[in-house]
Amino acid sequence: MHYLHRGDDAECNGSPAKRCRLRRRTESVRRSRPPFPWFGMDIGGTLVKLVYFEPVDITAEEEQEEVENLKSIRRYLTSNVAYGKTGVRDVHLELRNLTMCGRTGNLHFIRFPTQAMPRFIQMGRDKNFSSLHTTLCATGGGAYKFENDFRSMADLELLKLDELDCLIRGLLYVDRVSFNGHPECYYFQNPADTESCVKKPCTLEDPFPMLLVNIGSGVSILAVYSENDYKRVTGTSLGGGTFLGLCCLLTGCETFEEALEMASKGDSTNVDKLVKDIYGGDYERFGLQGSAVASSFGHMMSQDKRDSISKEDLARATLVTITNNIGSIARMCAVNEKIERVVFVGNFLRINTVSMKLLAYAMDFWSKGQLRALFLEHEGYFGAVGALMELLKTTEDP
Amino acid sequence: MAHNGHQRGGDDDDAIDGDDETPTKQPRSDDELPASCRRSEPDGEAAAAGGRAPSDGRTSNSTARRRSDSVKKTRPPFPWFGMDIGGTLVKLVYFEPKDITAEEEQEEVENLKSIRRYLTSNTAYGTTGIRDVHLELQDLTLCGRTGTLHFIRFPTHDLPAFLQMGRSKHFSSLHTTLCATGGGAYKFESDFRTMADLQLHKLDELDCLIRGVLYIDSVVSRGPSECYYFENPTDPDRCVQRPYTLENPYPLLLVNIGSGVSILAVYSENNYKRVTGTSLGGGTFLGLCCLLTGCSTFEEALEMASQGESTRVDKLVRDIYGGDYERFGLPGWAVASSFGNMMSKEKRESVSKADLARATLVTITNNIGSITRMCALNENIERVVFVGNFLRVNTLSMKLLAYAMDYWSKGQLKALFLQHEGYFGAVGALLELLHPS
């Protein structure tokens, strides 16, 4: 008997010939493994996230039969780490020797700005992608927004999937297969103490219920009770896009990396009005420490103060303001949904240790240790992974 | 004990239910006054320490009693102030007695008279002080006296000038207790002492806020209703203010939007909790606007915002989805990412300062609305009252809040507003002076 669609089945055993025979037999069955290439795509408000499964168990026979454009796609993607001016392959996130749907290969993680989507579609057209008759599973708002463009410009039909369904599916999958033998999930110990704050691994085994906070251009907050049972609790429009947009306006920077670089050097307390600026100390009655922010950017109504702060201070204040607002809302949700584990994902947290530590600290401090903030290495890619998994799913689950 | 026809109920707080008793013009003896407002001297006025002619033998005791914290059963000497020293603005309420007898006037000390005249004959003080005349409450009876309650504000930044004035007018010689709330009551306590020889009686800002809200709503009986809401907030042609009675107000969610925001769940006059707060408040709006547009006052920022279009600045759901995100009920016009378009250089170059001001207003307001809605849901409270000076002359935000509460809760929540917006803390402080709890 053959079984096709679970990522961890044992078809790899036996001789290459045997495997090849099995594969050919299975491919003819209605519930078939889709043809290569295998992609999952998440077209977000700011970034497109693409996961690509590169098979490494290709037999000589298979390679001979492989059509030219498929080969070319495979080579193009795996022999570059940058594509055009803005495409990037996150090599450090590559999942090696993964078994998916009976094939073994590497899972690659690629991103590029949604603004470059027309160029991407153009490339799909140039490489005659449509002739491969592969289904392109796509999620995120752009799967809806660009559906027509894919069709008219590249003769490609998208299989549109809901972004939150894909997010959860992708997250649970990656945590299950782990990160090349290492844990996918981690938290920060002693987040308040810069000297002793340290990243610690953890597993998401027995993950439910969990509060999932997806920080992309905007924010969605989900209460997840099981793989198929979740609800979108709320969201906020003050997300990663707000951080970057405001930073560009306030400091003249142009990229996320520049904004973070500036923020790492600034002091937000020059910009924000703290409780101690208003009270002269703590507001004890309601447990508000003097160091807590009472009014974000509150000093900036004074010309003197505006003249005395730096762009770095502004970038830092923007980061702190957006991050703490998300933390505060997440905390309220966690309390109301009675969930103790809060998992933060999304590309706002990419290379953004400042925000991660702030969130870790806020969850811990304001809940007096009741809540724990968790993070995942593959941050913003789970939607795309989830889309890929949808591609590999058969029409009927066993 | 026989009263002269002005029978009151037995509780100490009888003067604050706004009853319209006719004040007598003659000074009353202690016997005839209800316990809570008994004066220790016939004239009831504060007088300079050395200048008072004692009319009975209890001068030194009464002086001492008056000088220490307002003791429960004493009507305090004039002037009667309540002060709320916030992060951005100082709010001052001043009770101007209108029932001063000729005798009282004669005995009134000079600096007290001068303070009264200065405050009531001006509507602006120095370069930044303002008396909100339209908020004045006339014919108010407080602690047995009838008069007008005035509402004055000035930037906290100018507090030193205020203290200087207090010093030069010899305010401290009036031996009045200065009831003050807000963070500044703590922060500037020693400045008051050293610069003007004034002792502050510090009060918690949220206690005062609630007390002030409940009082003002109960006494406003003429003119526009203190409490109101917006009917048809989304339709500019049909959107209209309507009065609302806050009788049976509990439970209530009270959202105080000052420099920062506090959200309180109020179950009864003396039972409330601070549910949460957010640091993205009025100070954030003004600070960001000043940075992004070069404006320097709240009024300028609002003016710009009224002319701008935030959808050029914000990334909407339809910008990402091409339409609605139906699965989760997010309409295409909802903001997905505030300022989200501003990461694009092209878009940055195509928006105006007015658009930026508008986007800042909308972002801050909607964030507050969103957090408020979560609290209302979790506390199971349907009525939300928004106060604080962020809403002063800010109909745009009020309508946004009214709309947001209604829309996202599918009509379950109602947003309410109060005319005296940011002054309730100061009113509460004044009430503490007159009726110590």
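A few notes on this one:
- The set of residues in the stretch A:51-96 that are in a strand (DSSP E or B) and either in the same structural domain as A:R350 (by the TED database) or in contact (Cβ under 8 Å) with a residue 60 or more places away in the chain (or both) comprises A:V51, A:F53, A:L95, A:R96.
- Filter result for A:V81 (at pLDDT 90 or above, in contact with a Lys or Arg (Cβ under 6 Å, 6 or more places away or on another chain), of a type in the set (A, V, I, L, M) and open to solvent by 60 Å² or more (accessible area, probe 1.4 Å)): yes
- Residue check for A:L274: surrounded by 16 or more Cβ atoms within 10 Å (Cβ to Cβ), in contact with a Cys (Cβ under 9 Å, 6 or more places away or on another chain) and either facing another protein chain (nearest Cβ under 7 Å) or without any contact (Cβ under 8 Å) to a residue 40 or more places away in the chain (or both): no
- Members of the stretch A:223-250 found to be more than 9 Å from every other protein chain (Cβ to nearest Cβ), of a type in the set (D, E, K, R) and assigned to a strand (DSSP E or B), listed by number: A:D229, A:K231
- Members of the stretch B:298-320 that are under 27 Å from A:N324 (Cβ atoms) and not in a helix (DSSP H, G or I): B:G308, B:V313, B:D314, B:K315, B:L316
- None of B:G283, B:G332, B:G323 is touching a Lys or Arg at 6+ places or on another chain (Cβ under 7 Å) and assigned to a loop (DSSP other than H, G, I, E, B) except B:G332.
- Of all residues in the stretch A:84-104 being open to solvent by 20 Å² or more (accessible area, probe 1.4 Å) and more than 19 Å from the chain's Cα centre (by Cα), the one that is nearest to A:F36 (Cα to Cα): A:T104
- Which numbered condition A:D155 fails, given (1) open to solvent by less than 40 Å² (accessible area, probe 1.4 Å); (2) farther than 30 Å from A:G245 by Cβ; (3) modelled with pLDDT under 95: (1)
- Entry remark, the stretch A:295-317: residues being touching a residue at least 12 places away in the same chain (Cβ under 8 Å), more than 16 Å from B:T278 (Cβ to Cβ) and open to solvent by less than 50 Å² (accessible area, probe 1.4 Å) number 7 in total.
- Counting the residues of the stretch A:280-323 that are within 7 Å of chain B (Cβ to nearest Cβ), in contact with a strand residue (DSSP E or B) (Cβ under 9 Å, 6 or more places away or on another chain) and among the polar types (S, T, N, Q) gives 3.
- Selected residue [buried (at least 24 other Cβ atoms within 10 Å of the Cβ) and over 18 Å from B:Y244 (Cα atoms)] from B:R348, B:R373, B:R358: B:R358
- Condition met for A:T59 (more than 24 Å from A:Y173 (Cα to Cα), within 14 Å of another protein chain (Cβ to nearest Cβ) and of a type in the set (V, I, T)): no
- When B:V213, B:V266, B:V240, B:V220 are screened for being touching a Pro at 6+ places or on another chain (Cβ under 7 Å) and either away from every other protein chain (no Cβ under 14 Å) or open to solvent by 50 Å² or more (accessible area, probe 1.4 Å) (or both), only B:V266 passes.
- Checked against (1) open to solvent by less than 10 Å² (accessible area, probe 1.4 Å); (2) part of a helix (DSSP H, G or I); (3) within 14 Å of chain B (Cβ to nearest Cβ), A:G170 passes all but condition (3).
- Test for B:F230: is it outside any strand (DSSP E or B) and either β-branched (V, I, T) or touching a residue at least 40 places away in the same chain (Cβ under 8 Å) (or both): no
- All strands (runs of 3 or more DSSP E) inside the stretch B:335-437 with 3 or more residues being within 30 Å of A:A259 (Cα to Cα) and within 14 Å of another protein chain (Cβ to nearest Cβ): B:335-337
- Residue within the stretch A:131-141 that is in contact with a Lys or Arg (Cβ under 6 Å, 6 or more places away or on another chain) and either assigned by the TED database to the domain that holds A:L222 or assigned to a helix (DSSP H, G or I) (or both) present: no
- Cβ pairs under 6 Å, 6+ apart, first in the stretch A:255-270 and open to solvent by 70 Å² or more (accessible area, probe 1.4 Å), second assigned to a helix (DSSP H, G or I): A:K265/A:E312
- Of the strands (runs of 3 or more DSSP E) lying entirely inside the stretch B:136-182, the ones with 3 or more residues being open to solvent by 10 Å² or more (accessible area, probe 1.4 Å) and within 15 Å of B:Y125 (Cα to Cα) are found at B:145-155.
- Apart from one condition, B:T297 fits all of (1) at pLDDT 95 or above; (2) within 7 Å of another protein chain (Cβ to nearest Cβ); the exception is (2).
- Residues of the stretch B:220-274 that are among the β-branched types (V, I, T) and more than 30 Å from A:S302 (Cα to Cα): B:V220, B:T234, B:V240, B:T245, B:V266.
The values are calculated or read from the model by the stated rules, or taken from the named source; none is laboratory data. This is a predicted model, so every value here is computed, not measured. Virtual Cβ from ideal backbone geometry, glycine too; neighbours counted across all protein chains shown. The area values use the complete protein model at the heavy-atom level, side chains included, leaving out ligands, DNA and RNA. Shrake-Rupley method; radii C 1.70, N 1.55, O 1.52, S 1.80 Å.
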